[in-house]
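Working notes for the structure below.
Quick note: the coordinates plus some simple rules give every number you see, no bench work behind them. Since the structure is predicted, the reported quantities are computational estimates derived from the model, not experimental observations. Note that each Cβ is placed from the backbone with ideal geometry, even for glycine, and that neighbours are counted across all protein chains shown.
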């Protein structure tokens, strides 16, 4: 585990962890809410990067794991009064099992067919849960206020959820880094470049892909458990929101596809940009009142188009290309 | 369950299926010619709805004349979109074109929600109802289906009988060989992209004359188009039409047997299964 001692990894962890500590030290609840969202998007973007950036399989339906993990954990907490940490872990493991079962057939598909299938899986799951009564159907499920008593009341539960997301975000970054630097990760990148050649060289692509898919499913599942625990309510259209899924692909592209820091930078920039636009006051244009809260999608679109057309490597990819020296340090 | 109910929901499903097929043909044509999955497809369907809405409700045009405008606009929009967002990355890996077309989706939907919010709109067209007894059909649906069939016939005429259409098929078959034969491939790719988005816009316009819609309505038609296209074979326009009719019939008839909510679950399950078992669709892939 030489890679665990890599200074680069520790610099990222100290920077991210240091920022995450600020609200815990100052007790600033509004900063905590902002950082919660940012760390959540960092986790989603970093985890989708593991399958998409390293292996080259574009998962449009990554959010299905977020929703499933959330639903599993919520169900256990509400119906069996299970402790949150245990419920989240079981939800995460359960989602991994689902990912393995789905991954074995679906990962045989390549390119556009795989991308379409992941959209199909997410939509199938969303419509299924909408009709599935044990999970509350279209209305979803919600906690009694007393559920939070075990965690010292609703106010403390919010802090607890924040601590949990910090741990999960740091863990995701660490795992993403370790995979990238490992022999296993090298195999994944070989699959990305040329699957058939990788197979000839002794890599078992089917096995490697399914393992990666399951790993990339674990983190969004736990994140979903935390997010819906914090919200106290879960419903299908929020849990399986395809737009959120595709937004995390945009973040990965923005920061740099297949890099460790890229998704973090991309998630931070995208999340900050959309919340700035959402809170900006509306303007009047040609007699129509236009609010920026809607325009953030359009601006994200223009940004994405510019990146895809001109800076395919994203921010980190551009840095690596522009300054060859940083390639040794910047992963 | 009675026979008239079955007949009437079959007719309904069949008619809806033809409109679905029209939209899906646009998606599949683009994929067949240039291996690009147009993720802005749903947004363009929505655009068609709002073009018809603005022209009829705001400017007082005849709704079907507005559909003709949507046709021209769709062609122009597609050609412009091809040169702005797709041409530069046409040979890049799939991810790139998926994200480029998705960027266009974000721009359209973002601007659309800013202007129209997500409240429902409708174009009121009343052409009466036809039929007898329990089996009745709305006049708007009949006109929409007739138009959809005419446009489909026009598309086939274009693809198989005109020089431009034959060139498009040549480009789909082998782009470099087509180029060597003196075909301007960039122009043909742009044209086929334009025809693809044109079909999406028209079907959006026709759907607007039948149902209420919001700026986000295109999304569900887009996923439906994916299901249909995969069912019929990616890149195969005839397959898209057949797939559309199958999905339309499924939606029409299955509501007699099960709660409406379960229909999409079956659609998506079929979608994933077909991808896994027969990725080339029921009819195989070809243009």
One computes Rg over Rh for segment A:121-274 from alpha-carbon atoms, with the Kirkwood Rh, and obtains 1.04
Rounded to the nearest 0.05, FRET efficiency between residue A:272 and residue A:207 (Cβ-Cβ, R0 51 Å) equals 0.85
The equivalent-ellipsoid semi-axes of chain A, taken as the square roots of five times the Cα gyration tensor eigenvalues and listed largest first in whole Å, are 30, 25, 22
Of B:248-255, A:46-53, ordering from highest average Cβ density within 10 Å down gives A:46-53, B:248-255
Helix B:237-254 sits off the longest principal axis of the Cα atoms of chain B, rounded to the nearest 10 on a 0 to 90 degree scale, by 20 degrees
Computed from every Cα-Cα pair in segment B:125-176, P(r) in 5 Å bins starting at 0 and rounded to whole percents is 5, 18, 14, 14, 11, 9, 8, 8, 8, 4, 1, 0
Descending packing, highest mean Cβ count within 10 Å first, for A:277-283, B:231-237, B:24-30 is B:24-30, B:231-237, A:277-283
Dividing the mean separation of Cα pairs under 8 Å (6+ apart) by the residue count of chain B yields a relative contact order in percent of 40 percent
So, with points 7 Å from each Cα along the Cβ direction, the residue A:150-residue A:233 label distance in nm works out to 2.2 nm
Each label sits 7 Å from Cα toward the beta-carbon; between residue B:5 and residue B:212 the label points are separated, in nm, by 2.6 nm
Percent of all Cα-Cα pairs per 5 Å bin for segment B:177-287, counting from 0 up to the last occupied bin, reads 2, 10, 15, 20, 19, 15, 9, 5, 3, 1, 1, 0
Dimensionless Rg/Rh of segment A:55-204, both radii on Cα and Rh by Kirkwood, sits at 1.05
Expressed in angstrom and ordered largest first, the alpha-carbon extents of segment B:90-177 along the principal axes are 58, 42, 20
Per the protein assembly as shown, sqrt(5λ) over the Cα gyration tensor eigenvalues, sorted largest first, in Å, gives 41, 29, 24
For A:146, A:245, ascending order of other Cβ atoms within 10 Å (fewest first) is A:146, A:245
Here the convex hull volume per residue of segment A:184-331, taken over Cα atoms and given in Å³, is 172 Å³
Taking the square root of 5λ for each eigenvalue of the C-alpha gyration tensor of segment B:24-167, the equivalent ellipsoid has semi-axes, largest first and in whole angstrom, of 30, 22, 14
Rg/Rh of segment A:215-288 (Cα atoms, Kirkwood Rh), to two decimals, equals 1.07
Taking chain B and counting helices only, DSSP H stretches of n ≥ 4 at -39,500 (n - 2.57) each over all residues, the nearest-500 ellipticity at 222 nm comes to -24000 deg cm²/dmol
Between residue A:279 and residue B:276, Cβ-based FRET efficiency (R0 56 Å, step 0.05) works out to 0.80
Each label sits 7 Å from Cα toward the beta-carbon; between residue B:124 and residue A:327 the label points are separated, in nm, by 6.7 nm
With Cα coordinates, the longest principal axis of chain B makes an angle with the long axis of helix B:139-161, in degrees rounded to 10, of 20 degrees
Taking A:209, A:181, B:141 and counting other beta carbon atoms within 10 angstrom, the fewest-first order is A:181, B:141, A:209
By Cβ neighbour count within 10 Å, fewest first, B:163, B:278, B:175 rank B:163, B:278, B:175
